[in-house]
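Below you'll find the structure, written out as structure tokens, and then a few comments.
The values are calculated or read from the model by the stated rules, or taken from the named source; none is laboratory data. Given the structure is predicted, the values throughout are model-derived calculations rather than measurements. Cβ coordinates were reconstructed from backbone atoms using ideal geometry, including for glycine residues, and neighbour counts include every protein chain displayed.
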Amino acid sequence: MRLFCVAAALFFVVPAAAWASGGATIVSRDLPVGGARTTAGAAAPTVFDLVGFHWQGSGRVLFRTHTVSGRWSSWRPVAPEAEDLPDPGSAESKKRAGWRLGSPYWVGASDRVAYRTIGDVRRLQAWYVWSPVGKATPLRTTAMAGSPQIVMRPAWGADEEILRARPRFAPSLAFAVVHHTAGSNSYTRSQSAAIVRGIELYHVQGNGWNDIGYNFLVDKYGQVFEGRGGGIDRNVIGAHAEGFNTGSTGVAVIGNYSSTNISSAAYASLVSLLAWRLDVAHIDPLSTITWKSGGNPKYPAGKAVSLRAISGHRDTGFTTCPGAALYARLPDLAKAVAATGLPKLYSPAVTGVVGGAVHFNGRLSASAAWTVTVQNASGAVVARGKGTGTAVSWTWSSAAAPPGRYTWTIEAGSDTRPATGTIGKSGPAPPPPLPVLAGLTVTPPVISPDGDGIADALAISYSVSARASVTATVKDFTGAVVATLFSSQTQSARKQSFSYGAGGLPDGTFTLSISATSFADGRATTLEAPFAIDRTLTGLALSAAAFSPNGDGVDDTLGINFTLSTQVYVTVQIEQAGNLVATVFTGPLPTGLSQIHWDGSTPAGTALPGTYDAVVIVDGVFGQTRHAASFTLSL
């Protein structure tokens, strides 16, 4: 028989993490699951105006919120947009792997949350965001040629300090994906910037993404906000349509449009934004394309999917986004976009190689005189072709052109946005010098420096390619240096390794940074690796170093004892030489002392005599930690 006993209250709300970001704050809490499936309403750790949920398991979660003025909202599903995610395999998709990520909801100033779980929900976290609303003054905007007025990131208060990585760019843009944020439609014009700021904080600090997921956001008042950084006219890869982020731009209308039409102001701004952004990419808004999925639950990786140039999120995955009312308007939206900002050049393309026939093609929205110009690396014109009509078609016979890189331009008058690109190759570049540092590894990814000899320290290794001055520091989640391991230490060209016990640092997520500057030529390299400290479990101890489950009443069971600092999901298992022998317990355990008993049974019967490990795996706030203690079994 398997037994466990717990010396603590069964469930209570436990703090998990809190961050501040430019006046906005985010706090997470683990919420109890199991037993009763509905809560009457748990007090939030802080007043909040935006909330999101993460959970593990295949079930569903409903929630409602209580405003500070004393009113409960209606019940809402947590995740109507299940695939508002980064592309699979990308670095930002790994931070919260294993969790289902709910969308952020703007709820106004609130102080309590009630929730219901349906089906298999093993863990549940709430992320409470407080994003203060600024004064009701006009937001500073900017516009590029042909673009609408756009509220840029500094104007809405984007926090550039919390970003996890530099933006990534696709080679080209092929289509747009329209979303809704699925939050409340009841917001004021002055609250819109706070909503965008709250979504950024939730996406970065809650979901672990590099930046806000959408490329643009549009509110019901027609304000257009720059989303993910990197340049509004560049092919920034977002995190808005899992498997379809690369090659798309994601535009989210703030609010829920399942049964409510978007406002005329939002519609007009959406038309203007898409007309400009697709024109920058020379995309016909009425065209269709065939695009290969990068992988999601609806379309496996490599699946060819037919998409419209202006698609809804539901076209790329299992979701109701952007809501039935908005989705029904996409065909008319595409027609309005196609009629805006004419004339246009669509689908410019170049085929062939320098030294042979190079073909230039494109299509104009109206008949016009067009010119194709080819210039060499010094800017001199080496070829030019002209024509009139809607079809651009010209061939450059480049047999006499020397090898090199050439720039081409297709123009059709001052009112049409020209297209430009390069063809050919420059001479071979010299091989780049080896980086001063390479191969940084930090293991394990989560440590618990509690002095029990298990995962107490990081094992750090890297290679130095030239004699260099090396500095090692630890940064917290804000990027601030919280520990210097060594500074300006001279190291020779070889593999280096050392251990670090993280003494004095609190639980949390951190980054190890190693910087080196070569003495020979001043080349510098910095490598960084994340790690976490989690002392959720301490004091792992066994009731005996040996036990004999033979039924004689003496040492028939083994007690596995440990102390938890918060309520967490725990797995206790028996291993031999790294192989699983028996799972003794799996499930949530509360704060305090726990004792799990094993009677020697396995799926194949009583375990055979030998040496084993009692392993406790804890799904802590900052990652999974593994603790083990050895014992012997005799009969």
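Quick notes on this one:
- In segment 98-119, the residues that are in a loop (DSSP other than H, G, I, E, B) and at pLDDT below 90: G98, W99, G102, S103, G119
- The residue that is farthest from A532 (Cα to Cα), among those in segment 395-453 that are among the basic types (K, R) and surrounded by 13 or more Cβ atoms within 10 Å (Cβ to Cβ), is R417.
The rows are residues; the columns are (1) touching a residue at least 12 places away in the same chain (Cβ under 8 Å); (2) surrounded by fewer than 16 Cβ atoms within 10 Å (Cβ to Cβ); (3) in contact with a helix residue (DSSP H, G or I) (Cβ under 6 Å, 6 or more places away or on another chain); (4) within 20 Å of T288 (Cα to Cα).
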position	(1), (2), (3), (4)
K344	yes, no, yes, yes
P348	yes, no, no, yes
A366	yes, yes, no, yes
A369	yes, yes, no, no
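- Screening A176, A126 for residues that are within 25 Å of E242 (Cβ to Cβ), in contact with a helix residue (DSSP H, G or I) (Cβ under 7 Å, 6 or more places away or on another chain) and surrounded by 15 or more Cβ atoms within 10 Å (Cβ to Cβ) leaves exactly one candidate, A176.
- Cross-chain or 6+ apart pairs with Cβ under 7 Å, segment 68-87 first and more than 30 Å from P297 (Cα to Cα) and in the same structural domain as F48 (by TED's automatic domain parsing), then of a type in the set (A, V, I, L, M, F, W, C) and modelled with pLDDT of 70 or more: V68/V47; V68/A109; S73/V107
- Test for S488: is it at positive phi and surrounded by fewer than 16 Cβ atoms within 10 Å (Cβ to Cβ): yes
- Looking across segment 496-515, the residues that are out of contact with any Pro (no Cβ under 9 Å at 6 or more places or on another chain), touching a residue at least 40 places away in the same chain (Cβ under 8 Å) and on the phi < 0 side of the Ramachandran plot come down to S499, Y500, D507, S513, I514, S515.
- Strands (runs of 3 or more DSSP E) enclosed by segment 209-282 - at least 2 residues per element that are touching a residue at least 40 places away in the same chain (Cβ under 8 Å), buried (at least 24 other Cβ atoms within 10 Å of the Cβ) and not β-branched (V, I, T): 224-226, 248-253
- Taking the criterion of being outside any strand (DSSP E or B) and surrounded by fewer than 16 Cβ atoms within 10 Å (Cβ to Cβ), the residues of segment 536-556 that qualify are S543, A544, A545, N550, G551, D552, G553, V554, D555, D556.
- Residue within segment 336-352 that is within 27 Å of V251 (Cβ to Cβ), modelled with pLDDT of 95 or more, in a helix (DSSP H, G or I) and out of contact with any Pro (no Cβ under 6 Å at 6 or more places or on another chain) present: yes
- Count of residues meeting criterion [hydrophobic (A, V, I, L, M, F, W, C), touching a residue at least 12 places away in the same chain (Cβ under 8 Å) and within 30 Å of A281 (Cα to Cα)] in segment 111-144: 2
- Unmet requirement for A9, which otherwise passes all of (1) modelled with pLDDT of 85 or more; (2) in a loop (DSSP other than H, G, I, E, B): (1)
- Test: residue in segment 333-343 that is among the charged types (D, E, K, R) and more than 25 Å from T407 (Cβ to Cβ): yes
- Residue selected from segment 129-164 under the condition in contact with a strand residue (DSSP E or B) (Cβ under 6 Å, 6 or more places away or on another chain) and part of a loop (DSSP other than H, G, I, E, B), by the criterion surrounded by the most Cβ atoms within 10 Å (Cβ to Cβ): S131
- Restricting attention to segment 575-612, the residues that are over 27 Å from P32 (Cβ atoms) and either hydroxyl-bearing (S, T, Y) or surrounded by 17 or more Cβ atoms within 10 Å (Cβ to Cβ) (or both) add up to 10.
- Single unsatisfied condition, Q191 versus (1) modelled with pLDDT of 95 or more; (2) out of contact with any helix residue (DSSP H, G or I) (no Cβ under 7 Å at 6 or more places or on another chain); (3) in a helix (DSSP H, G or I): (1)
- Residue among S414, S393 that is in a loop (DSSP other than H, G, I, E, B), closer than 30 Å to A357 by Cα and free of Cβ contacts under 8 Å to residues at least 60 places away in the same chain: S414
- The residue that is modelled with the lowest pLDDT, among those in segment 56-97 that are within 13 Å of the chain's Cα centre (by Cα) and among the charged types (D, E, K, R), is E83.
- Entry remark, segment 196-237: residues being more than 20 Å from W127 (Cβ to Cβ) and either in contact with a Cys (Cβ under 9 Å, 6 or more places away or on another chain) or not basic (K, R) (or both) number 18 in total.
- Residues being farther than 22 Å from G553 by Cβ, assigned to a strand (DSSP E or B) and hydroxyl-bearing (S, T, Y) - total across segment 585-623: 3
- Evaluation of L542 against (1) outside the structural domain of V584 (by TED's automatic domain parsing); (2) of a type in the set (A, V, I, L, M); (3) within 22 Å of S448 (Cβ to Cβ) (one fails), failing number: (1)
- Some residue of segment 187-195 being outside the structural domain of V621 (by TED's automatic domain parsing), closer than 18 Å to G52 by Cβ, surrounded by fewer than 23 Cβ atoms within 10 Å (Cβ to Cβ) and of a type in the set (S, T, Y): yes
- Of residues in segment 283-304 being of a type outside the set (S, T, Y) and without any contact (Cβ under 8 Å) to a residue 40 or more places away in the chain, the one farthest from A174 (Cα to Cα): P300
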